[in-house]
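Enquirer: A single structure is presented below for examination.
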Amino acid sequence: MMKQHTTNCINTFIEVAEDCPVSQAQIPPEKKEKTLANLQYEKISKNPYQYTSDDIIFECYAFKKDISENEKQEERDQFFSKGQACLRSSPLAKRYGFGFHHNKEGKVALYPRESEEYQKLLNDPNITKTKAMRSKRK
């Protein structure tokens with residue numbers, strides 16, 4: 001069995017990036033081709049606390065690469081045999097103004113930066129905080 005890397009976090013809140021351009025969360029615009037932002041947004045906003053970060057990241061990859069259901073497990077093992085970028089690099093947190101909360105089971109939900117829940121999570125001393133990655137290097 002190959003070593004498996006993971007992007008999953010437990011009891012962690014990923015804040016919007018410092019250089020995020022919006023003060024209120026925006027739903028990623030629909031394009032002809034579904035973008036990573038669209039895919040992540042749909043999957044998480046429709047199913048809060050149903051999926052882990054690994055589930056989301058792999059499912060979006062599988063969709064983009066058109067991987068069939070019966071190939072998924074093998075592809076997933078292969079995919080996570082290398083380190084993958086976590087949700088800190090998601091356009092939802094970098095560009096569109098959403099924070100990600102990972103609960104105690106490592107399942108993820110999205111919170112718009114202007115929401116009361118976002119503030120609550122930010123101010124909760126029992127949750128680990130980390131910021132999304134900046135888009136531009138200074």
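Rule-based calculations on the coordinates, nothing more; no lab input. Since the structure is predicted, the reported quantities are computational estimates derived from the model, not experimental observations. Cβ placement follows ideal geometry from the backbone for every residue including glycine, while neighbour counts extend to all protein chains displayed.
Enquirer: Counting only residues that are of a type in the set (D, E) and surrounded by 13 or more Cβ atoms within 10 Å (Cβ to Cβ), which one in the stretch 1-29 is farthest from S115 (Cα to Cα)?
Expert: D19
Enquirer: While we're here: Would you check if there is a residue in the stretch 104-113 being of a type in the set (S, T, Y), within 22 Å of T6 (Cα to Cα) and under 16 Å from the mean Cα position of the chain (by Cα)?
Expert: Taking every residue of the stretch 104-113 in turn, none turns out to be of a type in the set (S, T, Y), within 22 Å of T6 (Cα to Cα) and under 16 Å from the mean Cα position of the chain (by Cα).
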